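The values are calculated or read from the model by the stated rules, or taken from the named source; none is laboratory data. Small disclaimer: the values here were computed from a predicted structure and weren't measured. Note that we place each Cβ from the backbone using ideal geometry, even for glycine, and neighbour counts take in every protein chain shown. These accessible areas exclude ligands, DNA and RNA; they are computed on the full protein's heavy atoms, side chains included. Shrake-Rupley method; radii C 1.70, N 1.55, O 1.52, S 1.80 Å.
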Amino acid sequence: MRIVTARILVADDDPKHAQLIRLYLEREGHQVLTVGDGRAALEQARSRKPDLVVLDVMMPLVDGLDVCRILRAESDVAIVMVTARSAENDMLLGLDIGADDYLSKPVSPRELTARIRALLRRVRGGETAEVLRVGELEVDPARFEVRVDGTAIKLTAKEFGILELLARDPGRVFTRGQILDKVFGFENDVSERTVDAHVVNLRRKVEQNPAEPRYVQTVYGRGYRMAER
């Protein structure tokens, strides 16, 4: 399994096209939510705070251009616009109002995923290249690898996501709610107890003594933190 690399909101009123985009993005390891109109796109972007939004221009209720204007005024979320309008003026308008990239239909899903991959690298500034080290624990996000004292440890995607989140900011306490938001994202059928279950399994794999964890520490009444480097 691969770690979820980004949370992506796809807004397109063509269900078949939206599903095709979703399929390709999920193959890349992204977590994807689809909506069918501009109003829902705004609502979900505000509540879910995705890393990137794929916007169809011609949508009911609120068109994609207006959604783009509003989102750009409210946040720095990456935006890719997709439209049947192929005129240069339409493309320039999309870019002028804040879109980061613009593609005309029919869109090649492979090209779209490649554009998204490149855009995420730019907006994240290559942050995933760093190997995170805490004592004898090493977390390599780019390779999806974990080692303890030089020994490779196999983790599930969610276990890796929790470990990476904590290892990026040792000493910081993350509540269960924050972990749910950052690691589980759009998955609505999970609870805070799910976080605890994943942490138990994670400790069994990376801790010498899971009952007295060296790395993934509990802060009672608050949540979890990674030990200081």
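Numbers below:
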quantity: In segment 64-97, the residues that are of a type in the set (Gly, Ala, Ser), modelled with pLDDT under 80 and farther than 21 Å from residue 18 by Cβ; calculated: 87
quantity: Contacts under 7 angstrom Cβ, first residue in segment 152-172 being closer than 19 Å to residue 5 by Cβ, partner open to solvent by 50 Å² or more (accessible area, probe 1.4 Å) and modelled with pLDDT of 90 or more, 6 or more apart; calculated: 155/205; 159/201; 166/225
quantity: Within segment 167-185, considering residues that are small (Gly, Ala, Ser) and not in a helix (DSSP H, G or I), the one nearest to residue 136 (Cα to Cα); calculated: 171
quantity: Complete set of residues in segment 140-163 that are among the charged types (D, E, K, R) and farther than 15 Å from residue 201 by Cα; calculated: 140, 143, 145, 147, 149
quantity: Residue 142 vs. criteria of a type in the set (A, V, I, L, M), farther than 28 Å from residue 35 by Cβ, free of Cβ contacts under 8 Å to residues at least 12 places away in the same chain and surrounded by fewer than 17 Cβ atoms within 10 Å (Cβ to Cβ); calculated: no
quantity: Residue tally, condition acidic (Asp, Glu), open to solvent by 70 Å² or more (accessible area, probe 1.4 Å) and under 17 Å from residue 77 (Cβ atoms), over segment 4-63; calculated: 1
quantity: Per-region count, segment 174-195, residues open to solvent by 20 Å² or more (accessible area, probe 1.4 Å) and modelled with pLDDT of 90 or more; calculated: 2
quantity: Tally, over segment 207-225, of residues that are among the aromatic types (Phe, Trp, Tyr) and modelled with pLDDT under 95; calculated: 1
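For every residue, the table says whether it meets (1) in contact with a strand residue (DSSP E or B) (Cβ under 7 Å, 6 or more places away or on another chain); (2) over 16 Å from residue 113 (Cα atoms); (3) in a loop (DSSP other than H, G, I, E, B).
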{"site": "13", "(1), (2), (3)": "yes, yes, yes"}
{"site": "18", "(1), (2), (3)": "yes, no, no"}
{"site": "22", "(1), (2), (3)": "yes, no, no"}
{"site": "47", "(1), (2), (3)": "no, yes, no"}
